[in-house]
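Chemist: Just passing along the structure, written as structure tokens.
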Amino acid sequence: MSRKKRKVFKKKSNTIHNLENKILKIFNQNSNKILNYKQIAGSLEIEDSNGRNQIIKKLNDLKNQSRLEEVSRGKFIIKEQSHYFEGIVDITSRGNAYVVCEALEHDIYIPSRNLNHALHNDLVRVYVYNRKKNKKQEGDIVEILERAKTEFVGVLQLSKNFGFVIPDDPKMYSDIFISQSKLEGAEAEDGDKVVARISDWPANSKNPFGKIIDVLGKPGDHNTEIHSILLEYGLPYKFQPEVEKYAEKIPIE
């Protein structure tokens, strides 16, 4: 009787999390230095062969993406065009911003003139300028990759043929323009607290264009303010009629 062959299970190799950003961070901290995989591994405190092989592969991937230049076999330096990074926008109270990027040691300062319509928490692509001595690392947002938010609560201010929604959110630095055609059917009055959705933001316009999607009520009213707070935190403020009927039956002690 022949013996059954024992199954051999190969241990899965551990993948280094976020390796690309970690490597780019090292190169950006040493922008004038030529580095090899051993130096990268040493900086990341990686000693096993599997980890080193991942670094070698990632270095070649970055070379093929034209983000690194291989100056000689196995030796790399960061390219000038690698001054482009992706990150999350953090708007300050003064209307300027920082872009938080995992690949960089320090956040990138973005003056308001370089925001290019980016809003708080948007995912963006930013160009980082060469840092001047004793100055902040500064950049210019060149592309909005993903909007974090397009709906804002605010107070409607009506003029004769248009309106503006003045957002409650202190990090929303621009009022939302509502054209006459978008006001029709909204049933909103001057001074109402409303929900506006941004639909467009032309490159040459100071303000985003939007429309009113809901009227919450008058500022100061209890329900209006509760709904405003819920919306600011992305929480539901309206429920299906059957849910509300069920909630009314729940005894309050």
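Nothing in this text is a laboratory measurement; each read-out follows from the coordinates by a stated rule. Keep in mind that what you see is a predicted model, and the values were worked out from it rather than measured. With ideal geometry, Cβ positions are generated from the backbone for all residues, glycine too; neighbour counts draw on all protein chains shown.
Chemist: Label points 7 Å out from Cα along the Cβ direction at Ser31 and Lys75: separation in nm?
Modeler: It works out to 2.2 nm between the two label points.
Chemist: Chymotrypsin sites (Phe, Trp or Tyr not before Pro) within region 101-160: which are DSSP loop residues with at most 11 other Cβ atoms inside 10 Å? Each step should come with its number before you reach the end.
Modeler: Details: sites: Tyr109, Tyr127, Tyr129, Phe152; in loops: Tyr129.
Answer in residue order: no site qualifies.
Chemist: While we're looking at this one, here's another question. Just to verify a number: FRET efficiency for Asn161 and Ile213, C-beta to C-beta distance, R0 = 25 Å, to 0.05? Working shown, then result.
Modeler: On the way: r = 21 Å, r/R0 = 0.82.
With a Förster radius of 25 Å, E is 0.75.
Chemist: Scan around Asp192 for amide H atoms under 5 Å from its own, H built in the peptide plane at 1.01 Å from N, and keep only partners 5 or more places away or cross-chain.
Modeler: Excluding prolines and chain starts, which carry no amide H, the hits are Leu156.
Chemist: Residue separation times 0.36 nm, minus the C-alpha to C-alpha distance between Ser49 and Glu151: what's the value? Intermediate values should be presented prior to the final figure.
Modeler: On the way: separation 102, 0.36 × 102 = 36.72 nm, distance 4.95 nm.
Taking Ser49 through Glu151 to full extension adds about 31.8 nm, to one decimal.
Chemist: Please work out the FRET efficiency for the pair Lys63 and Glu143, using the Cβ-Cβ distance as r and a Förster radius of 30 Å; give the result to the nearest 0.05.
Modeler: Values: r = 24 Å, r/R0 = 0.79.
After rounding, the FRET efficiency stands at 0.80.
Chemist: On to the next question. Calculate the FRET efficiency for Ala203 and Asn18 from the Cβ-Cβ distance with a Förster distance of 45 Å, rounded to the nearest 0.05.
Modeler: Numbers: r = 33 Å, r/R0 = 0.74.
With R0 = 45 Å, the Cβ-Cβ based efficiency is 0.85.
Chemist: At what distance in angstrom do the alpha carbon centres of region 148-211 and region 88-117 lie from each other?
Modeler: 24 Å
Chemist: Go through region 139-190 and name the GluC sites (Glu not before Pro) that are in a DSSP coil and have 15 or fewer other Cβ atoms within 10 Å of their Cβ. Working shown, then result.
Modeler: Working: sites: Glu143, Glu146, Glu151, Glu184, Glu187, Glu189; in loops: Glu184, Glu187, Glu189.
Hits after loop and neighbour filter: Glu184, Glu187, Glu189.
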